[in-house]
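Let me begin by presenting the structure, written as structure tokens, before commenting on it.
The values are calculated or read from the model by the stated rules, or taken from the named source; none is laboratory data. These numbers were taken from a predicted model, which means no experiment stands behind them. Cβ placement follows ideal geometry from the backbone for every residue including glycine, while neighbour counts extend to all protein chains displayed. What goes into the accessible areas is simple: the full protein's heavy atoms, side chains included, and nothing from ligands, DNA or RNA. Shrake-Rupley method; radii C 1.70, N 1.55, O 1.52, S 1.80 Å.
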Amino acid sequence: MAEILVLTEHRQGEMQEISLEMLAKGQQLAEQTKKELTAVLLGKGVASMADEVKRYCHHILVMEDDLLANFNSEPYQDVLSFLIKERKPSLVLMGHTAFGMDLAPPLATAAGIPLATDCYEIEVKGDAVIPYRQMYGGKMCAEVHFKEAPCHMITVRAGSFPAEGLKEINGAVEQVSFQFDKDYAYKKFLQYVEAAVGDVDITQADVLVAVGRGIGDSENLPMVEELAKLLGGVVACSRPVADKHWLPKERQVGTSGKTVKPKLYIAFGISGAFQHLAGMKNAATIIAVNKDPKAPIFSVAHYGIVDDLMKVVPSLVAKVRERKGA
Amino acid sequence: MDIIVCIKRVPEVAEIDLQVDQTGKSIKEEGLVFGVNDWDNYAVEEAVRIKEKHGGKVTAITVGSAESEEVIRRALALGADEAVMVTDPQADGSDAYAIAKVLAAAIKEIPYDIILTGVLADDDGCAQVGVTLAELLGIPHATLVTAIEIEEKQVKIKRELEGGMEEELVVATPALFTIQSGINEPRYVSIMGIRKVAKKEVATRDLGTLGLSPNQVGPAGSFTTVERIFPPPVGEGAQILEGSSDEVATKVMDVFQKGGVI
Ligand SMILES: Cc1cc2nc3c(=O)[nH]c(=O)nc-3n(C[C@H](O)[C@H](O)[C@H](O)COP(=O)(O)OP(=O)(O)OC[C@H]3O[C@@H](n4cnc5c(N)ncnc54)[C@H](O)[C@@H]3O)c2cc1C
Ligand SMILES: Nc1ncnc2c1ncn2[C@@H]1O[C@H](COP(=O)(O)O)[C@@H](O)[C@H]1O
């Protein structure tokens, strides 16, 4: 029986949430297509993780090796190519993460497998598996059709499938026997570099006043800082603002920055790319200010103001001052 | 160090009300302003910096319509030495895999030590072309690169992981890196700078000159096709606060108050 293969992802001994999200979606797809769900777990010292993962799939294929200790797309690709050849899955799921982005395209290309990246939904229609993805910074969605092939591959956007619905299957652990025939000296992991710690920890703030590329220039930051101060909060930002060094990197909210959950998040001039939303969508109250009524940020915001932030910020500053009688 | 940098012309979509065209598969392009993909700007800058420090030649390459000449000229103005443009209507409708095949064919005739691409293209957002190209060329790669340090016969790089964490790797050349935004500060290109390169030669190629047959590209040569596009379904969405500046500010104060912020 053909199966659905899910590549679990972990780092420094910790299972990543995306693995469980994929298993949850994998369970659903397996049911819909009458297939079995098989997890793959590669690493070193991963036995306890294997025990956790086996609860949610029919089979878990485990391989431990020093070459797999830290993620490196090259040995991973060789083991997975072998497994795909051997087991002939009909679908392979991987995270659209730093891990999956490095691994999925070469693996798919070498094995001749059609690949759709960064998918937020997967539907089954008859025999076809149909991925959905976003384009144009989240302003359009696309239904993607695969060329017919014995196997398809999809990388999954983090946060798209809730892991809560996972059912207990209690599958069997199987060891993979695969022999590496090289040492991969041409691509070698050296070390992890932890994120820099700054003077302000935005994850601890109740109020975050965040600015995006729409701020236009670092000269416009003082008025935003003033508003944040009046509200007892701090200033955060989207990636382009940190890239330009207008604010330090540790103020960046999103997948490659911080995940925050303040009481209040005000977004000025932030379009609402998925990578940003992932870091702030769970704030209790979100107010978005953007000139563009179609900006995706308005889909997660509770309140929106469609206007020029250059006008809105000063008027809010004045109003808060007035309220505070200062 | 000879470097090839891949760039793509994409529409600017901020503040634009994108419309689906009559095919239902793509957006209406009339009236849109196009420019170089943001990530590719960083890639070109990085290529030019490496050249300035270590010598060698930078070749910019793009696959796209005749209009792509503007982005390739911009790369020349930024400091690229040579430019290659692959233009062929038969390549329309190519997915990331097919575009990588075209790039691989075009790159066969250019010597290189390093290939740089952006992490992703602003329009399709696949994050796929660069790494696919590396596999087709049989060279190692690293994605999401935030620092490059050239050593002998190898490159020390940092790549970005989730949550602000990074990892350090060494990769032997020739190799391909996909460049993450913020790796450098791209220099400013003036109109004068663009004018200066107006007469520079841009080598043009089509499928025939690259030895590709039409069924290797376009929808026939692709692994995926976009069946239809549609605007994201609006869920509940934000409650839009309207009125004069003062009225809006008053409404925001109510929200602040309700949230216990003031
Ligand atoms: C692997 C990866 C990781 C990433 N990680 C992150 C991350 O952690 N965090 C993050 O934020 N991004 C991240 N990004 C980048 C992300 O894809 C977007 O490019 C980025 O979030 C866009 O930032 P922005 O909204 O500030 O800019 P833009 O998308 O350019 O939006 C600017 C907005 O400002 C509005 N605007 C302009 N002028 C005004 C004005 N005067 N008044 C009001 N509105 C105005 C415009 O309408 C527009 O909507 C990542 C990307 C990748 C590939
Ligand atoms: N048509 C193209 N021509 C040249 N380079 C491209 C093209 N499409 C994509 N690229 C490169 O591949 C990167 C990733 O694109 P994508 O996989 O489409 O998200 C871009 O940043 C470019 O460097």
*How many of the residues making up the range B:60-76 are open to solvent by 10 Å² or more (accessible area, probe 1.4 Å) and free of Cβ contacts under 8 Å to residues at least 60 places away in the same chain?*
5
_Could you list, ordered by first residue, the pairs with Cβ atoms under 6 Å in which the first is in the range B:238-262 and within 7 Å of another protein chain (Cβ to nearest Cβ) and the second is among the polar types (S, T, N, Q) and assigned to a helix (DSSP H, G or I), at least 6 apart or interchain?_
B:Ser245/A:Ser315; B:Ala249/A:Ser315
*If you check B:Pro232 against the conditions, is it part of a loop (DSSP other than H, G, I, E, B) and facing chain A (nearest Cβ under 7 Å)?*
yes
*Can you find a residue in the range A:202-210 that is in contact (Cβ under 8 Å) with a residue 40 or more places away in the chain and at the interface with chain B (Cβ under 9 Å from one of its Cβ atoms)?*
yes
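The rows are residues; the columns are (1) more than 15 Å from B:Ser245 (Cα to Cα); (2) at the interface with another protein chain (Cβ under 7 Å from one of its Cβ atoms); (3) not acidic (Asp, Glu).
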position: A:Ile287; (1), (2), (3): yes, yes, yes
position: A:Asn290; (1), (2), (3): no, no, yes
position: A:Lys294; (1), (2), (3): yes, yes, yes
position: A:Ile297; (1), (2), (3): yes, no, yes
position: A:Asp307; (1), (2), (3): no, no, no
position: A:Pro314; (1), (2), (3): no, no, yes
position: A:Val320; (1), (2), (3): no, yes, yes
_Within the range B:95-143, considering residues that are part of a loop (DSSP other than H, G, I, E, B) and aliphatic (A, V, I, L, M), the one farthest from ligand 1 (Cβ to nearest atom)_ = B:Ile110
*Say whether the condition of being open to solvent by 20 Å² or more (accessible area, probe 1.4 Å) and touching a strand residue (DSSP E or B) at 6+ places or on another chain (Cβ under 9 Å) is met by at least one residue in the range B:210-219.*
yes
*For the range A:172-196, name all the residues that are surrounded by 13 or more Cβ atoms within 10 Å (Cβ to Cβ), closer than 12 Å to A:Asp78 by Cβ and more than 14 Å from every other protein chain (Cβ to nearest Cβ).*
A:Val176, A:Phe178, A:Phe180
*asked:* Need a quick list: strands (runs of 3 or more DSSP E) entirely within the range B:1-54 having at least 2 residues that are more than 15 Å from ligand 1 (Cβ to nearest atom).
replied: B:3-6
*Could you tell me which residue of the range A:292-326 is nearest to ligand 1 (Cβ to nearest atom), considering only residues that are within 17 Å of A:Val224 (Cα to Cα) and not in a helix (DSSP H, G or I)?*
A:Asp308
*Looking for whichever is hydroxyl-bearing (Ser, Thr, Tyr) and closer than 19 Å to B:Glu185 by Cα here; the options are B:Tyr42, B:Tyr97. Which one fits?*
B:Tyr42
*Limited to the range B:142-168, what total is found for residues that are within 29 Å of A:Trp246 (Cβ to Cβ) and within 10 Å of another protein chain (Cβ to nearest Cβ)?*
18
*asked:* Can you tell me which of (1) under 30 Å from A:Ala283 (Cβ atoms); (2) in contact with a Leu (Cβ under 6 Å, 6 or more places away or on another chain) is the one B:Val255 doesn't meet?
replied: (2)
*So which of B:Thr173, B:Thr178 ends up being surrounded by 22 or more Cβ atoms within 10 Å (Cβ to Cβ) and polar (S, T, N, Q)?*
B:Thr178
*So which residues in the range A:139-160 are touching a residue at least 24 places away in the same chain (Cβ under 8 Å), more than 7 Å from every other protein chain (Cβ to nearest Cβ), open to solvent by 20 Å² or more (accessible area, probe 1.4 Å) and in a loop (DSSP other than H, G, I, E, B)?*
A:Ala149, A:Pro150, A:Arg157, A:Ala158, A:Gly159, A:Ser160
*Could you tell me whether any residue of the range A:125-138 is free of Cβ contacts under 8 Å to residues at least 60 places away in the same chain, charged (D, E, K, R) and within 12 Å of chain B (Cβ to nearest Cβ)?*
yes
*Quickly run through the range B:81-124 and pick out the residues that are under 21 Å from B:Glu227 (Cβ atoms) and buried (at least 22 other Cβ atoms within 10 Å of the Cβ).*
B:Ala91, B:Ser94, B:Asp95, B:Ala96, B:Tyr97, B:Ala98, B:Ile99, B:Ala121, B:Asp124
*In the range B:211-223, is there at least one residue being of a type outside the set (Lys, Arg), within 25 Å of B:Ala60 (Cβ to Cβ), touching a residue at least 40 places away in the same chain (Cβ under 8 Å) and part of a strand (DSSP E or B)?*
no
_Subset of the range A:222-243 [at the interface with chain B (Cβ under 7 Å from one of its Cβ atoms) and either outside any helix (DSSP H, G or I) or of a type in the set (Asp, Glu) (or both)]_ = A:Leu231, A:Asp243
*Going by the structure shown, is A:Lys263 at negative phi, more than 9 Å from ligand 1 (Cβ to nearest atom), surrounded by fewer than 22 Cβ atoms within 10 Å (Cβ to Cβ) and at the interface with chain B (Cβ under 7 Å from one of its Cβ atoms)?*
yes
*Considering every residue within the range A:242-251, establish whether at least one is free of Cβ contacts under 8 Å to residues at least 12 places away in the same chain and within 14 Å of ligand 1 (Cβ to nearest atom).*
yes
